[in-house]
Amino acid sequence: MAASDHDQNRGVAMPGTPDEPDFSGLGGGEDQQADDIVREVVGWYNAQIVAERRTPVPDDERIEKLKAGREAALADQAQLATADPDEEARIAAVYAARRRELKES
């Protein structure tokens, strides 16, 4: 029995074979972490906007502040596409702190 046949029988694909999943295009690392953190903050703003709109008397000023915060986060998220590693780390740190602050409020 060839090594690849043996490994396939155990359910393990050999590196470089068609059965091996290719995760090379998925990205990851600092840029993905920063994107995920910013996405969480955008999600928080979206949820707050929806909740405020559903109140019996929505506070238009609060909605505008929430929308401004969301727009700023979306702009920073877009900036991640061309950011260098230092900028990615800065954005990740800023939004990690903002996420903590928003969850505590």
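The values are calculated or read from the model by the stated rules, or taken from the named source; none is laboratory data. Worth saying up front: this structure is predicted, and the values here are computed from it rather than measured. Every residue, glycine among them, receives a Cβ derived from its backbone with ideal geometry; neighbour counts consider all protein chains shown. Heads up: the accessible areas ignore ligands, DNA and RNA and are worked out on the full protein's heavy atoms, side chains in. Shrake-Rupley method; radii C 1.70, N 1.55, O 1.52, S 1.80 Å.
Structure notes:
- Selection status of A97, open to solvent by 50 Å² or more (accessible area, probe 1.4 Å) and not aromatic (F, W, Y): no
- Boolean, K103 is at pLDDT below 95 and either assigned to a helix (DSSP H, G or I) or surrounded by 14 or more Cβ atoms within 10 Å (Cβ to Cβ) (or both): yes
- Selected residue (criterion: farthest from V38 (Cα to Cα)) from residues of the range 67-91 that are aliphatic (A, V, I, L, M) and touching an Asp or Glu at 6+ places or on another chain (Cβ under 7 Å): A89
- Looking across the range 54-94 at every residue that is open to solvent by less than 40 Å² (accessible area, probe 1.4 Å) and outside any helix (DSSP H, G or I), the one that is nearest to V42 (Cα to Cα) is identified as L80.
- Residue check for V50: of a type in the set (A, V, I, L, M) and in contact with a Phe, Trp or Tyr (Cβ under 7 Å, 6 or more places away or on another chain): no
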